[in-house]
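Data first, discussion second: the structure below is written as structure tokens.
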Amino acid sequence: MKKNRHGADLYALETKYHYRPEDIRDFSSNINPLGPSPKAMEAAAKNIRALCRYPDPEYRKLKAAIGDYLNVDQAAVLLGSGTSQLIQEAIAFIKPARALINSPCYSEYARELEKIGAEIFEYHLDYHKNFSIDVNEIIARINEEAVDLYVLTNPNNPTGSILTRADVARILDETSAHVLVDETYIEFTDPAIYSAVSLVKSREKLIVIRGTSKFFATPGIRLGYAVTGDEALHAALAADLSMWGINAMADVMGRVMFQDVAFREESFRLIQREKAKVIAALEAKGALKVFPSYGNFVLVKIKDKSRRAAELREALLAKKMVIRDCSNFKNLDERFFRFCLLDPESNEALVKAIDDFFKTS
Ligand SMILES: Cc1ncc(COP(=O)(O)O)c(C=O)c1O
């Protein structure tokens, strides 16, 4: 049986605990609690019959909407079934012999690099430096190890650390490696400072990949997109998308969600507000070390050496809440966990449940 490598498998919890997936407060999947953009939901409902037709094989309107959003020509937009497909195909095409990843980082990168037989080098994010990424060290490491590809998730999952666009430009200018930037969580930050998208016009070894699963709360439509300055990579990824490879609902919702400015602003504000509140509440308890985060999720370490994140996860499951036990991330141990911000009431319930757990011995 395929093992779940990521956040909550709500369907497995349904079998084990007889919980309905919709009754679980999922703090583990990093999905915007507001749900999808109301405009996108309305479009989906109105256009349900789009499921009875083939989508536009060229996805002209969808690419135009993404092009507008990214401020790039629509011809530059690549599409994929979630970021997952684009990650897999970009790595398979670049086929680096040697690659550098941050550690810890999203586990699919190591998996895809292992599949193509790349030698993997890890840049260890230091707990004592709040897991921050030092751009000078990254540049030195890429040059010393002569790596062909550096993968940066920006902000990084699970640590929430980040580099600026100026940092990414320096990496491209001062090394000869390809740089793959995964901007899955970029909308939870200020893209004007942190997004590397505008660099693709002048840097040919850059690929930036994004998706709609998290900020736009639509993991079910499997919509990912990318831009790259590498013409051969662009051609390969465009050719890899199978005929009608993007489903009709992704096409319908994607045409409107990016332009829903009210939804974007409300989502950003909600997460900023809740993140500050929850971090302050957890830090006040003293039992936890909470790391700063640019994402909609927060990494936490339990201070007491005799307690484990897995026990906390079990205790919270009894209250129908799921957090991510991070013990299987490289460079973390059994005392680390991650949670994402949900609605204010759920976040308060989480803080209380965590507090209750540490009050019991
Ligand atoms: C950094 C990162 N990239 C990619 C993905 C996969 O996203 P998608 O649903 O777009 O395939 C995730 C999911 O957790 C993620 O955290």
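What follows is calculated from the coordinates using simple rules that are stated; it is not laboratory data. Predicted model, so just to flag it, every value in this text is computed and none were measured. Neighbour counts run over all protein chains shown; Cβ positions are idealised from the backbone, glycine included.
Report the net charge of residues surrounding Arg60, where surrounding means a beta-carbon distance below 14 angstrom and charges are Lys +1, Arg +1, Asp -1, Glu -1.
Overall, the nearby charge balance is -2.
Which lysines have a Cα lying under 22 Å from the Cα of Lys95, excluding residues fewer than 8 positions away in the same chain?
Those lysines meeting the cut-off are Lys115, Lys205.
On a C-alpha basis, how far is the centre of the range 330-356 from the centre of the range 104-140 in Å? Whole number, if you could?
Measuring centre to centre over Cα atoms gives 25 Å.
Which whole-angstrom value gives the distance between the alpha carbon centres of the range 246-325 and the range 67-93?
The range 246-325 and the range 67-93 have Cα centres separated by 26 Å.
Can you compute 3J(HN,Hα) from phi for each residue in the range 343-352, using the Karplus curve 6.51 cos²θ - 1.76 cosθ + 1.60 with θ = phi - 60°, rounded to whole Hz and x for Gly and Pro?
These are the phi-based 3J(HN,Hα) values: 6, x, 5, 5, 5, 5, 4, 5, 4, 5 Hz.
Can you sort Val135, Val252, Val261, Val151 so the residue with the fewest Cβ neighbours within 10 Å comes first?
The most exposed by this proxy come first: Val261, Val135, Val252, Val151.
Given the options Ala177, Ala236, Ala309, which has the most mean-square fluctuation in a GNM of the chain, springs set between C-alpha atoms less than 10 angstrom apart?
Ala236
Which pairs, out of Lys46/Lys320; Lys289/Lys320; Lys285/Lys305; Lys320/Lys352; Lys129/Lys319; Lys39/Lys319, put more than 22 Å between their alpha-carbon atoms?
Lys46/Lys320; Lys289/Lys320; Lys129/Lys319; Lys39/Lys319
Can you compute 3J(HN,Hα) from phi for each residue in the range 207-217, using the Karplus curve 6.51 cos²θ - 1.76 cosθ + 1.60 with θ = phi - 60°, rounded to whole Hz and x for Gly and Pro?
With coefficients 6.51, -1.76 and 1.60, one gets 10, 10, 10, 9, x, 10, 5, 9, 5, 8, 6 Hz.
Please report, for the Cα atoms of the chain, the Rg to one decimal and the Dmax as a whole number; what are they, in angstrom?
Here Rg and the maximum Cα pair distance are 20.3, 60 Å.
How would you rank Ser161, Ser132, going from fewest to most other Cβ atoms within 10 Å of each one's own Cβ?
Ordered by Cβ neighbours within 10 Å, fewest first: Ser132, Ser161.
Report the Cα-based extents of the range 193-249 along its three principal axes, largest first, to the nearest Å.
On the principal axes, the range 193-249 reaches 33, 31, 11 Å in Cα extent.
For every other residue with a beta carbon closer than 11 angstrom to the beta carbon of Phe297, add +1 if it is Lys or Arg and -1 if Asp or Glu, then tell me the sum. Don't skip to the answer; put the middle values down first.
Numbers: positive: Lys214, Lys275, Arg324, Arg338; negative: none.
Net charge around Phe297: +4.
Count the net charge of all other residues whose Cβ sits under 13 Å from the Cβ of Glu42, scoring Lys and Arg as +1 and Asp and Glu as -1.
+2
Looking at the chain, send over the antiparallel percent of its DSSP beta bridges, to the nearest 5.
For the chain, the DSSP antiparallel bridge percentage is about 50.
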